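The values are calculated or read from the model by the stated rules, or taken from the named source; none is laboratory data. For clarity, every value in this text was computed on a predicted model and none was experimentally measured. Glycine also receives a Cβ, built like all others from the backbone with ideal geometry; neighbour counts cover every protein chain displayed. Note: accessible area is taken over every heavy atom of the protein model, side chains too, but ligands, DNA and RNA are not part of it. Shrake-Rupley method; radii C 1.70, N 1.55, O 1.52, S 1.80 Å.
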Amino acid sequence: MEECRGGSYAAATVTLRGGKAVLEMASGRYKKCPTQSGYNAEYTDTTVERIELGDDPEILNFIKSIKNEGDFVALLEAVLQAAAR
């Protein structure tokens, strides 16, 4: 049977809560081990950052229109650029 693997990961999600958008970014370590039915993975978040994007209709409409990874990356880049200012 294959051995366990591990390493670093990074993830980002956008959610709509109560009419407001929130971007959450996390990074940490993972350990993925084979089981008889597939894999079991354990994730340990070492950094979690939440950015309130607000309730601007333009932002909410853009988030609702996300259809693919490229759309999401464009949103992520725009938020990070705005935060860096």
Checklist entry - Within the range 18-42, can you find the residues that are more than 25 Å from residue 77 (Cα to Cα) and exposed (fewer than 13 other Cβ atoms within 10 Å of the Cβ)? => result 35, 36, 37, 38, 39, 40, 42
Item to check | Tabulated pairs, the range 64-85, first within 17 Å of residue 24 (Cβ to Cβ), second assigned to a loop (DSSP other than H, G, I, E, B) and open to solvent by less than 80 Å² (accessible area, probe 1.4 Å), C-beta under 8 angstrom, 6+ apart or interchain | outcome: 72/66; 75/66
Checklist entry - If you take the residues in the range 43-63 that are acidic (Asp, Glu) and more than 13 Å from residue 24 (Cα to Cα), which one is most open to solvent (accessible area, probe 1.4 Å)? => result 58
Item to check | Candidate set from the range 31-85 (those that are basic (Lys, Arg) and assigned to a loop (DSSP other than H, G, I, E, B)); member that is modelled with the lowest pLDDT | outcome: 85
Checklist entry - Which condition number does residue 14 fail, the rest of (1) modelled with pLDDT of 90 or more; (2) assigned to a strand (DSSP E or B); (3) exposed (fewer than 11 other Cβ atoms within 10 Å of the Cβ); (4) not aromatic (Phe, Trp, Tyr) being met? => result (3)
